[in-house]
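Below is one structure, written out as structure tokens; comments come after it.
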Amino acid sequence: MSGGGGGKLTEIDHVGIAVRDLDAVIDWYKQMFGAEVAHRERIESDGVDEALIKVADSYIQLLTPYTDTSPLAKYMEKNGEGVHHVGYRVADCAEVLDHIKAEGARVVDEHPRTGSRGTTVAFLHPKTAFGTLIELVQE
Ligand code: CO
């Protein structure tokens, strides 16, 4: 389902939120909004545990580091809890990544890699995107 006007961006896939106590935050979303977890996964490549709450065709991605060496642990030492990144859905992650590199953007991932739910993902560097950490997500 592609929306209007987003060019290569077809939907907001998820908003990634850094939290310290995953279970407490899951309980809070249930208590406040009646929201249920659709998927939980340990993403070893990122050193994080995630819980996905589905909202229409998008997700809230609650993330907590399970090891001190996780990049998210280092991020949270400086920035604490809160919005960490936005996942933009694209039809072809490799194609979009090649395009933005050719246009001079800085990237975290030189090549697409496997993300949660078996998706294909790549992160852009926040310095290239006006302070927002952007994740490209191909279903
Ligand atoms: Co993400």
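The values are calculated or read from the model by the stated rules, or taken from the named source; none is laboratory data. For clarity, every value in this text was computed on a predicted model and none was experimentally measured. Here Cβ is always computed from backbone atoms with ideal geometry, including for glycine, and neighbour counts include all displayed protein chains. Side chains included, ligands, DNA and RNA excluded: accessible areas come from the protein's heavy atoms. Shrake-Rupley method; radii C 1.70, N 1.55, O 1.52, S 1.80 Å.
Conditions (1) touching a strand residue (DSSP E or B) at 6+ places or on another chain (Cβ under 8 Å); (2) away from the ligand (no atom under 14 Å from the Cβ); (3) among the hydroxyl-bearing types (Ser, Thr, Tyr); (4) within 22 Å of Lys30 (Cα to Cα), marked per residue:
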position	(1), (2), (3), (4)
Pro65	yes, no, no, yes
Val108	yes, no, no, no
Leu124	yes, no, no, no
Thr132	yes, no, yes, no
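Which residue, of His99, His111, is surrounded by fewer than 19 Cβ atoms within 10 Å (Cβ to Cβ) and in contact (Cβ under 8 Å) with a residue 60 or more places away in the chain?
On the way: His111 fails: in contact (Cβ under 8 Å) with a residue 60 or more places away in the chain.
After ruling out the rest, the residue left standing is His99.
The residue pairs whose first member lies in the stretch 12-28 and is within 14 Å of Ile60 (Cβ to Cβ), whose second member is in a helix (DSSP H, G or I) and within 14 Å of the ligand (Cβ to nearest atom), and whose beta carbons are closer than 7 Å, counting only pairs six or more residues apart or on different chains, are Ala18/Leu72; Ala18/Tyr75. Any residue in the stretch 116-132 that is without any contact (Cβ under 8 Å) to a residue 12 or more places away in the chain, outside any strand (DSSP E or B) and of a type in the set (Gly, Ala, Ser)? Within the stretch 116-132, one or more residues are without any contact (Cβ under 8 Å) to a residue 12 or more places away in the chain, outside any strand (DSSP E or B) and of a type in the set (Gly, Ala, Ser).
Scanning the stretch 1-22 for residues that are assigned to a loop (DSSP other than H, G, I, E, B) and within 22 Å of Ala73 (Cβ to Cβ) yields Val19, Arg20, Asp21.
For a quick check of your reading: which strands (runs of 3 or more DSSP E) sit entirely within the stretch 23-106 and have at least 1 residues that are within 26 Å of Gly131 (Cβ to Cβ) and among the hydroxyl-bearing types (Ser, Thr, Tyr)? Explain how you work it out, then say what you get.
Working: elements: 37-43, 48-55, 58-65, 82-90.
So the answer is 58-65, 82-90.
Name the residues in the stretch 76-86 that are within 13 Å of the ligand (Cβ to nearest atom) and open to solvent by 70 Å² or more (accessible area, probe 1.4 Å), would you? Reasoning before the result, please.
If we filter the stretch 76-86 for residues that are within 13 Å of the ligand (Cβ to nearest atom), which is where we start, we get 83-86.
If the condition is that a residue be within 13 Å of the ligand (Cβ to nearest atom) and open to solvent by 70 Å² or more (accessible area, probe 1.4 Å), then Val83 is the only one that fits.
Evaluation of Asp57 against the conditions (1) within 14 Å of His14 (Cα to Cα); (2) surrounded by 13 or more Cβ atoms within 10 Å (Cβ to Cβ); (3) touching a residue at least 24 places away in the same chain (Cβ under 8 Å); (4) away from the ligand (no atom under 12 Å from the Cβ) shows that the sole unmet condition is (2). Leu9 - would you say it is under 22 Å from Val108 (Cα atoms) and open to solvent by less than 60 Å² (accessible area, probe 1.4 Å)? In short, no.
May I ask you to verify whether Asp46 is buried (at least 17 other Cβ atoms within 10 Å of the Cβ) and of a type in the set (D, E, K, R)? Even if it seems obvious, please write down each step before you answer.
Working: buried (at least 17 other Cβ atoms within 10 Å of the Cβ): yes; of a type in the set (D, E, K, R): yes.
Against the criterion (buried (at least 17 other Cβ atoms within 10 Å of the Cβ) and of a type in the set (D, E, K, R)), Asp46 qualifies.
A count restricted to the stretch 29-43 and to residues that are more than 21 Å from Gln138 (Cα to Cα) and either without any contact (Cβ under 8 Å) to a residue 12 or more places away in the chain or open to solvent by 70 Å² or more (accessible area, probe 1.4 Å) (or both) stands at 6.
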